[in-house]
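Down below is the structure, laid out as structure tokens.
The values are calculated or read from the model by the stated rules, or taken from the named source; none is laboratory data. What you see is a predicted model; the values in this text were computed from it and never measured. We place every Cβ from the backbone using ideal geometry, glycine too, and count neighbours over all the protein chains shown.
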Protein chains: 2
Amino acid sequence: MRIGLDAMGGDFAPEATVKGAVLAQKELPVGNQIVLIGNTDQIRRILKEENADEHAFEFVHTSEFIGMADHPTKAIAQKATASIPLGFQLLKEGHIDAFSSAGNTGAMLVGSMFSIKTIPGVIRPAMPTIVPKLKGGLGLILDVGANADCRPDNLLQFGILGKLLLENIYGVKNPRVGLINIGEEPEKGNLLTQAAYALMREEPSFNFIGNVEGRDLFTDMADVIVCDGFTGNVILKLAETFYTLTVRKGFNDVFFDRFNYEQYGGSPILGVNAPVVVGHGISSPEAIKNMILLSQDMVTTKLTEKIRRIFN
Amino acid sequence: MRIGLDAMGGDFAPEATVKGAVLAQKELPVGNQIVLIGNTDQIRRILKEENADEHAFEFVHTSEFIGMADHPTKAIAQKATASIPLGFQLLKEGHIDAFSSAGNTGAMLVGSMFSIKTIPGVIRPAMPTIVPKLKGGLGLILDVGANADCRPDNLLQFGILGKLLLENIYGVKNPRVGLINIGEEPEKGNLLTQAAYALMREEPSFNFIGNVEGRDLFTDMADVIVCDGFTGNVILKLAETFYTLTVRKGFNDVFFDRFNYEQYGGSPILGVNAPVVVGHGISSPEAIKNMILLSQDMVTTKLTEKIRRIFN
């Protein structure tokens with residue numbers, strides 16, 4: 001298996017990305033190769049500094065890259081040889097089996113939809129984030145920002161995508177799917193969640209447990225929590241803030257420690273035709289390592305094929 | 001001034017409400033009278049247990065009340081003599097100058113809109129909640145649940161209502177108004193926030209500082225943070241969860257202490273024709289006291305008249 005990494009993506013690239021690749025390479029099973037996409041001179045220099053064997057890696061050179069502030073659609077169209085579009089080209093042509101980047105999230109979304117494209121039947125891809133549970137274990141919330149405006153059938157599909165991810169990558173059997181709402185009863189909510197509830201209740205492919213509220217995010221009520229990308233993004237940023245505050249204030253706690261994004265590596269773009277993972281802009285080498293291992297997991301478990309089969 | 005209190009409203013009523021009224025009565029300036037609406041036998045018994053002078057209070061008797069689980073519209077229509085509709089009748093007829101309850105929030109909303117009615121020009125009333133700021137001081141977020149589905153002009157009006165509340169009751173001069181969004185740039189967001197941004201930018205009556213994100217809730221970016229009631233309610237319940245977790249885990253911190261709802265008393269229903277405050281269902285006597293003092297403040301500062309003037 002060949003795992004593509006955007007060596008130029010992220011606030012601390014290429015140092016953090018290359019160091020992360022070195023860490024990941026030590027943990028990957030034999031037969032897995034990391035393909036470093038970016039400025040080969042810079043990458044080789046960092047590998048040397050790290051005393052890493054450059055023969056353990058493959059390289060695809062480009063001197064161009066898409067910045068964090070670049071407009072996603074424009075950048076993908078105008079910077080065709082930048083590391084992100086190049087990665088997607090390699091992925092589309094089958095030279096790599098997965099592609100990940102801690103760079104411009106919008107460019108990763110647009111790039112995946114333009115190149116490898118959305119799986120037939122999936123209306124819109126979604127991005128989940130991991131939620132630690134108070135009793136231990138992990139849950140998911142999605143979408144957290146790929147879809148600011150959603151229709152009820154988007155939310156239904158997010159439930160299916162989230163269930164498949166949690167089951168295949170995180171080993172949660174028959175995950176319980178809940179809908180973020182502002183009340184427990186079926187008739188509660190806004191027009192979107194009222195309609196989504198009706199659809200989700202009838203869905204045979206997952207175990208729908210009904211509405212969950214903001215206060216249920218970390219409890220044991222649901223494993224996969226579904227919401228529109230606007231609500232999900234606000235939740236994600238608020239939760240990150242609370243985590244940051246507990247760290248800044250010196251609170252030591254195993255539960256809050258599990259909010260640390262580093263250990264989860266990144267968010268897959270679910271519903272596109274190949275494994276794609278987007279990391280946090282501030283990704284450290286540890287986070288990059290976990291992003292690479294997550295994308296390897298997605299290939300190994302054939303997650304994309306499983307999604308394709310259910311939407312076929 | 002006569003301040004009406006639903007003595008039967010809240011999870012710990014009438015004990016907590018009557019005890020709260022006794023506490024408030026000691027702090028109210030001379031000439032202010034608390035009117036206890038509810039089961040007079042029960043209320044008098046609790047006053048006696050508290051060694052409170054019952055002549056310091058007025059009483060309006062009813063043996064009926066609306067429960068926390070009652071359907072708001074049905075309950076208001078079918079239980080006309082319950083403490084909440086009775087309170088609104090007294091408020092409408094001018095027998096009391098303000099009305100507050102820690103009971104059924106939906107019934108308080110429906111009751112206020114059916115009796116004293118919305119101020120002409122206000123499309124929908126809104127409910128704010130207080131947000132402690134990291135650097136000290138307070139901000140507001142609204143709406144937190146009165147309006148699950150919003151139009152752009154609802155959000156614009158929430159900004160005006162929130163600004164007037166923060167300025168008049170909390171003494172924040174020329175509050176900065178921000179819009180909850182999923183990106184800082186004007187073009188970011190969902191259809192609702194994109195359209196609301198365009199309206200809010202042109203509004204002359206407040207100081208609009210643009211988009212704020214989930215991470216900016218507690219920072220010094222904006223004083224009044226506007227969002228639809230679905231997003232606001234999810235944020236509120238998530239923030240309450242974090243506060244509860246810090247308490248349960250024994251973290252002592254002045255900032256997190258300021259999340260304690262007790263000290264703020266409750267949420268006004270902004271945009272109706274008289275001062276109305278809704279308290280948290282779990283209100284303690286301390287919270288009830290602060291709810292009464294808040295409703296008194298709303299009368300003293302003539303907040304309703306000021307809102308009426310701006311929407312005229």
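Return the pairs, sorted by first residue and then second, in which the second residue is in a helix (DSSP H, G or I) and among the small types (Gly, Ala, Ser), the first residue lies in segment A:154-165 and is farther than 15 Å from A:Arg201 by Cβ, the beta carbons are less than 8 Å apart, and the residues are 6+ apart or on different chains.
none
Which of the residues that make up segment B:1-34 are out of contact with any helix residue (DSSP H, G or I) (no Cβ under 7 Å at 6 or more places or on another chain) and under 23 Å from B:Ala107 (Cβ atoms)?
B:Arg2, B:Asp11, B:Phe12, B:Ala13
With the requirement that a residue be over 16 Å from A:Thr40 (Cβ atoms) and touching a strand residue (DSSP E or B) at 6+ places or on another chain (Cβ under 6 Å), what does segment A:85-95 give you?
Correct list: A:Leu91 only.
Specify which of the listed residues (B:Leu134, B:Leu155, B:Leu138) is at pLDDT 95 or above and within 20 Å of B:Met221 (Cβ to Cβ).
Among B:Leu134, B:Leu155, B:Leu138, only B:Leu155 is at pLDDT 95 or above and within 20 Å of B:Met221 (Cβ to Cβ).
Residues that are modelled with pLDDT under 95: find the helices (runs of 4 or more DSSP H) completely inside segment B:238-312 holding 2 or more of those.
By residue number, B:254-257.
Looking for something surrounded by 24 or more Cβ atoms within 10 Å (Cβ to Cβ), within 14 Å of chain A (Cβ to nearest Cβ) and touching a strand residue (DSSP E or B) at 6+ places or on another chain (Cβ under 9 Å) - is there at least one such residue anywhere in segment B:109-120?
No, segment B:109-120 has no match at all.
Within segment A:26-67, count every residue that is within 20 Å of the chain's Cα centre (by Cα) and crowded, with 16+ Cβ neighbours inside 10 Å.
6
What residue, of A:Asn207, A:Asn168, A:Asn181, is in contact with a Lys or Arg (Cβ under 7 Å, 6 or more places away or on another chain), of a type in the set (S, T, N, Q) and surrounded by 21 or more Cβ atoms within 10 Å (Cβ to Cβ)?
A:Asn181
Search segment A:240-253 for residues being facing another protein chain (nearest Cβ under 7 Å) and within 24 Å of the chain's Cα centre (by Cα), and hand back the single one that is surrounded by the fewest Cβ atoms within 10 Å (Cβ to Cβ).
A:Glu240
Being touching a residue at least 40 places away in the same chain (Cβ under 8 Å), small (Gly, Ala, Ser) and not assigned by TED's automatic domain parsing to the domain that holds B:Leu236, is that true of even one residue in segment B:144-152?
no
Tell me, please, whether a residue that is of a type in the set (A, V, I, L, M, F, W, C) and within 20 Å of B:Asn147 (Cβ to Cβ) can be found in segment B:97-107.
yes
Give the residues of segment A:133-165 that are part of a loop (DSSP other than H, G, I, E, B) and either buried (at least 21 other Cβ atoms within 10 Å of the Cβ) or within 14 Å of another protein chain (Cβ to nearest Cβ) (or both), sorted by residue number.
A:Lys133, A:Leu134, A:Lys135, A:Asp143, A:Val144, A:Gly145, A:Ala146, A:Asn147, A:Ala148, A:Asp149, A:Cys150, A:Arg151
When you go through (1) of a type outside the set (Phe, Trp, Tyr); (2) free of Cβ contacts under 8 Å to residues at least 40 places away in the same chain; (3) touching a strand residue (DSSP E or B) at 6+ places or on another chain (Cβ under 7 Å) one by one for B:Thr129, which number turns out not to apply?
Result: B:Thr129 passes all but (2).
Report every pair of residues separated by at least 6 positions or lying on different chains whose Cβ atoms are under 8 Å apart, first residue within segment B:197-208 and basic (Lys, Arg), second part of a loop (DSSP other than H, G, I, E, B) and surrounded by 13 or more Cβ atoms within 10 Å (Cβ to Cβ).
Going by the 8 Å Cβ cut-off, the qualifying pairs are B:Arg201/B:Pro186.
Answer with yes or no whether A:Glu202 is more than 27 Å from A:Lys19 (Cβ to Cβ) and either acidic (Asp, Glu) or at the interface with chain B (Cβ under 10 Å from one of its Cβ atoms) (or both).
Taking the combined requirement at face value, the residue satisfies it.
Being surrounded by fewer than 17 Cβ atoms within 10 Å (Cβ to Cβ), of a type in the set (A, V, I, L, M, F, W, C) and within 29 Å of B:Leu245 (Cα to Cα) is the requirement here; does A:Val212 meet it?
No: the conditions fail for A:Val212.
Tell me which of these B:Ala80 doesn't satisfy, since it passes every other one: (1) within 21 Å of the chain's Cα centre (by Cα); (2) modelled with pLDDT under 95.
(1)
Scanning segment B:211-231 for residues that are within 11 Å of chain A (Cβ to nearest Cβ) and in a loop (DSSP other than H, G, I, E, B), which turns out nearest to A:Lys237 (Cα to Cα)?
Residue satisfying both the conditions and the ranking: B:Glu213.
Restricting attention to segment B:136-177, which residues are touching a strand residue (DSSP E or B) at 6+ places or on another chain (Cβ under 7 Å) and on the phi > 0 side of the Ramachandran plot?
The one that is touching a strand residue (DSSP E or B) at 6+ places or on another chain (Cβ under 7 Å) and on the phi > 0 side of the Ramachandran plot: B:Asn174.
Counting only residues that are in contact with a Phe, Trp or Tyr (Cβ under 8 Å, 6 or more places away or on another chain) and in a loop (DSSP other than H, G, I, E, B), how many does segment A:95-117 have?
3
Which of the strands (runs of 3 or more DSSP E) contained wholly in segment A:1-77 include at least 1 residues that are at pLDDT 95 or above and over 30 Å from A:Thr301 (Cβ atoms)?
A:57-61
Within segment B:183-199, can you find the residues that are part of a helix (DSSP H, G or I) and within 10 Å of another protein chain (Cβ to nearest Cβ)?
Within segment B:183-199, B:Leu191, B:Leu192, B:Thr193, B:Gln194 qualify.
Residue by residue, here is whether (1) in contact (Cβ under 8 Å) with a residue 40 or more places away in the chain; (2) touching a Phe, Trp or Tyr at 6+ places or on another chain (Cβ under 9 Å) holds:
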site	(1), (2)
B:Ala21	yes, yes
B:Lys26	no, no
B:Asn32	yes, no
B:Asn39	no, yes
B:Asp70	no, no
B:Ile76	no, yes
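Mind checking which pairs have a first residue in segment B:42-66 that is more than 19 Å from B:Ala80 (Cβ to Cβ) and in the same structural domain as B:Ile76 (by TED's automatic domain parsing) and a second that is part of a helix (DSSP H, G or I) and among the small types (Gly, Ala, Ser), Cβ under 8 Å, 6 or more apart or different chains?
If the second residue must be part of a helix (DSSP H, G or I) and among the small types (Gly, Ala, Ser), the pairs left are B:Phe57/B:Ala21.
Kindly establish whether A:Ile180 is more than 10 Å from chain B (Cβ to nearest Cβ), among the β-branched types (Val, Ile, Thr), closer than 25 Å to B:Asp149 by Cβ and in contact with a Gly (Cβ under 9 Å, 6 or more places away or on another chain).
Considered against the rule, which asks whether it is more than 10 Å from chain B (Cβ to nearest Cβ), among the β-branched types (Val, Ile, Thr), closer than 25 Å to B:Asp149 by Cβ and in contact with a Gly (Cβ under 9 Å, 6 or more places away or on another chain), A:Ile180 comes out as no.
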